[in-house]
Amino acid sequence: MKNKMNIALLGFLLILNSACGSSKDDVQPSAQNSGIDKVELNAPERMVVLADSVLQLKADKAASNRGLTFKWTLGDKIISTQADAKITSNTLGEQPLTLEVKDGKGRVKLFSKRVFVAKNQEKEVLGYIPHYRDRYEFQHWKDNVTMLSWAFARVNDGGKLNMMLDAAHEKSMKDVISKAHQAGIRVLLSLGMGRGDQKPAFSKAVIDEKQRAVIVKDALDLLKKYEFDGVDVDFEGWDNGISTDREKAKGLGILWTELRSKLPKTYLLTAALSMIPLEQGRYTSEMLQLLDYCNVMTYDKTGPWSKTPGPHAPYEYFKKGIQLVVDKGISKSKILPGIPFYGIKFKSATSTEGADQRTWKTILATYPKAMYNNEWLEENLYYDGPDKIRKKVGYVKDEGIRGVMIWELTEDYYEDTSKSLLYILNKALKQK
């Protein structure tokens with residue numbers, strides 16, 4: 001069933017300015033008095049709304065008293081002949097919206113906008129997809145996710161964003177965005193990345209006013225160029241307790257504030273939250289309130305960075321990440337805890353040196369019976385198998401959490417969907 005709490009009421013105004021004073025235009029007095037030249041539609045060129053929610057367009061009441069007529073058309077359907085219009089649509093995808101204003105002399109003024117109607121489900125499933133893959137199997141995602149996050153636009157020196165795309169990968173990205181929009185799936189642009197060689201540039205930029213401004217400008221330009229539906233921020237340049245983290249947290253909060261103020265009101269702002277700074281209180285309640293969704297990275301507890309081997313995404317860690325955000329006063333409806341579609345393999349049971357990641361696809365190919373476990377102790381391999389995913393999904397449902405986040409979709413096993421973690425996850429979400 002649809003989540004009625006997600007109903008959005010959005011208002012945009014038709015502004016009819018005063019027609020008094022001289023005009024340089026050669027307009028007949030009767031036509032000039034109609035005020036048609038002064039009518040403007042103050043709405044974004046592209047609006048994102050949820051299916052079955054309400055998009056309300058309000059006209060200045062003065063406009064209806066000037067002898068003007070109005071015709072609002074969504075797609076090929078006339079939805080209103082009044083100065084006001086309400087849009088409620090369950091047709092997913094992009095649709096043209098036009099407003100035709102006509103005066104008594106037959107003069108016409110036409111406004112053209114676009115409305116993207118997105119999925120509106122009780123539980124959100126956000127899946128990250130990395131920029132470096134050669135193949136994107138969208139056919140498996142279209143019915144199983146509500147949002148995608150394209151990772152990443154890298155933050156370079158000076159705050160400049162780099163999409164890291166050659167021509168082939170740019171074409172693939174555009175294809176994913178186009179197919180996602182046809183299916184009513186919102187696509188976010190994720191800024192950052194967790195790789196060590198990327199962290200210094202982002203760390204410097206986040207605490208510098210001029211460089212933050214560059215990040216915001218570039219992000220908005222990329223949203224417009226590729227028609228992303230919002231921004232995700234993946235800042236992982238923390239020093240894990242050193243005093244510089246306080247300065248970084250302050251700068252990150254300012255960056256989120258600036259993005260929030262500049263993004264179109266119907267676009268999303270999300271962030272990937274690291275567990276250690278979350279435990280240390282680096283993310284304040286005021287910061288987290290700026291976000292539409294908190295994507296909690298409830299994985300990578302262990303790895304080559306940890307002291308001892310062990311499960312990298314245990315169930316209790318999953319619960320802890322959720323509770324840390326709830327303790328900040330954030331609604332459960334804004335929390336998306338992370339589920340990894342990969343495992344960590346250690347070289348021995350006593351050392352983390354040389355530990356590396358293994359995708360679910362690789363794990364199944366190497367250990368076919370991995371379906372029935374969450375670890376392979378003989379091989380010092382830890383992962384989220386189907387049983388653990390069902391348990392985590394059950395907790396999300398029982399506790400009223402908004403949904404889940406996945407890192408990342410291309411690591412799944414799609415050759416047999418009965419073994420796909422995404423399909424298993426969705427089946428568990430939909431079970432009553």
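The values are calculated or read from the model by the stated rules, or taken from the named source; none is laboratory data. Since the structure is predicted, the reported quantities are computational estimates derived from the model, not experimental observations. When we count neighbours, we look across all protein chains shown, and the Cβ atoms used for this are built from the backbone with ideal geometry, even at glycine.
Among (1) of a type outside the set (F, W, Y); (2) crowded, with 21+ Cβ neighbours inside 10 Å; (3) over 19 Å from the mean Cα position of the chain (by Cα); (4) closer than 23 Å to L191 by Cβ, there is one condition C294 misses while meeting the rest; what is its number?
Unmet for C294, out of (1) of a type outside the set (F, W, Y); (2) crowded, with 21+ Cβ neighbours inside 10 Å; (3) over 19 Å from the mean Cα position of the chain (by Cα); (4) closer than 23 Å to L191 by Cβ: (3).
Spot the failing condition for I87; the list is (1) touching a residue at least 40 places away in the same chain (Cβ under 8 Å); (2) buried (at least 19 other Cβ atoms within 10 Å of the Cβ), and only one is missed.
Condition (1) is where I87 drops out.
What's the total number of residues in the range 96-107 that are without any contact (Cβ under 8 Å) to a residue 24 or more places away in the chain and touching a Lys or Arg at 6+ places or on another chain (Cβ under 7 Å)?
Step one: of the range 96-107, the residues without any contact (Cβ under 8 Å) to a residue 24 or more places away in the chain are 96, 106.
Restricting the remaining residues to those that are touching a Lys or Arg at 6+ places or on another chain (Cβ under 7 Å) gives 96.
The qualifying residues number 1.
Take V404 and decide whether it is under 24 Å from G310 (Cα atoms), touching a residue at least 24 places away in the same chain (Cβ under 8 Å), within 31 Å of the chain's Cα centre (by Cα) and part of a helix (DSSP H, G or I). Full working, then the answer.
Working: under 24 Å from G310 (Cα atoms): yes; touching a residue at least 24 places away in the same chain (Cβ under 8 Å): yes; within 31 Å of the chain's Cα centre (by Cα): yes; part of a helix (DSSP H, G or I): no.
For V404, the condition - under 24 Å from G310 (Cα atoms), touching a residue at least 24 places away in the same chain (Cβ under 8 Å), within 31 Å of the chain's Cα centre (by Cα) and part of a helix (DSSP H, G or I) - is not met.
May I ask you to list the residues in the range 353-390 that are closer than 19 Å to S306 by Cα, in a loop (DSSP other than H, G, I, E, B) and touching a strand residue (DSSP E or B) at 6+ places or on another chain (Cβ under 9 Å)?
A355, N380, Y383, D384
What residue, among those in the range 185-215 that are out of contact with any Phe, Trp or Tyr (no Cβ under 6 Å at 6 or more places or on another chain) and of a type in the set (S, T, N, Q), is nearest to I406 (Cα to Cα)?
In this case the residue turns out to be Q198.
For the range 106-172, please list each of the strands (runs of 3 or more DSSP E) lying entirely inside it that holds at least 1 residues being surrounded by fewer than 20 Cβ atoms within 10 Å (Cβ to Cβ) and within 15 Å of the chain's Cα centre (by Cα). Steps first, please.
On the way: elements: 108-118, 124-130, 147-155.
Once the strands (runs of 3 or more DSSP E) in the range 106-172 are filtered for at least 1 residues that are surrounded by fewer than 20 Cβ atoms within 10 Å (Cβ to Cβ) and within 15 Å of the chain's Cα centre (by Cα), what remains is 108-118, 124-130.
Among G158, G184, which is of a type outside the set (S, T, Y), at pLDDT 95 or above and closer than 27 Å to N120 by Cα? Before the answer, list the steps.
On the way: G158 fails: closer than 27 Å to N120 by Cα.
So the residue among G158, G184 that is of a type outside the set (S, T, Y), at pLDDT 95 or above and closer than 27 Å to N120 by Cα is G184.
Kindly indicate whether I215 is under 18 Å from the mean Cα position of the chain (by Cα) and either surrounded by 15 or more Cβ atoms within 10 Å (Cβ to Cβ) or within 26 Å of L288 (Cβ to Cβ) (or both).
Working: under 18 Å from the mean Cα position of the chain (by Cα): yes; either surrounded by 15 or more Cβ atoms within 10 Å (Cβ to Cβ) or within 26 Å of L288 (Cβ to Cβ) (or both): yes.
Considered against the rule, which asks whether it is under 18 Å from the mean Cα position of the chain (by Cα) and either surrounded by 15 or more Cβ atoms within 10 Å (Cβ to Cβ) or within 26 Å of L288 (Cβ to Cβ) (or both), I215 comes out as yes.
Pull up the range 335-363, narrow it to residues that are without any contact (Cβ under 8 Å) to a residue 60 or more places away in the chain, closer than 27 Å to L278 by Cβ and among the aliphatic types (A, V, I, L, M), then point me to the one that is surrounded by the fewest Cβ atoms within 10 Å (Cβ to Cβ). Steps first, answer last, please.
Taking the range 335-363 first, the residues without any contact (Cβ under 8 Å) to a residue 60 or more places away in the chain are 343-359, 361-363.
After this cut, where a residue has to be closer than 27 Å to L278 by Cβ as well, the list is 343-346, 352-353, 355-359.
Restricting the remaining residues to those that are among the aliphatic types (A, V, I, L, M) gives 344, 355.
Working: I344: 26, A355: 20.
Result: A355.
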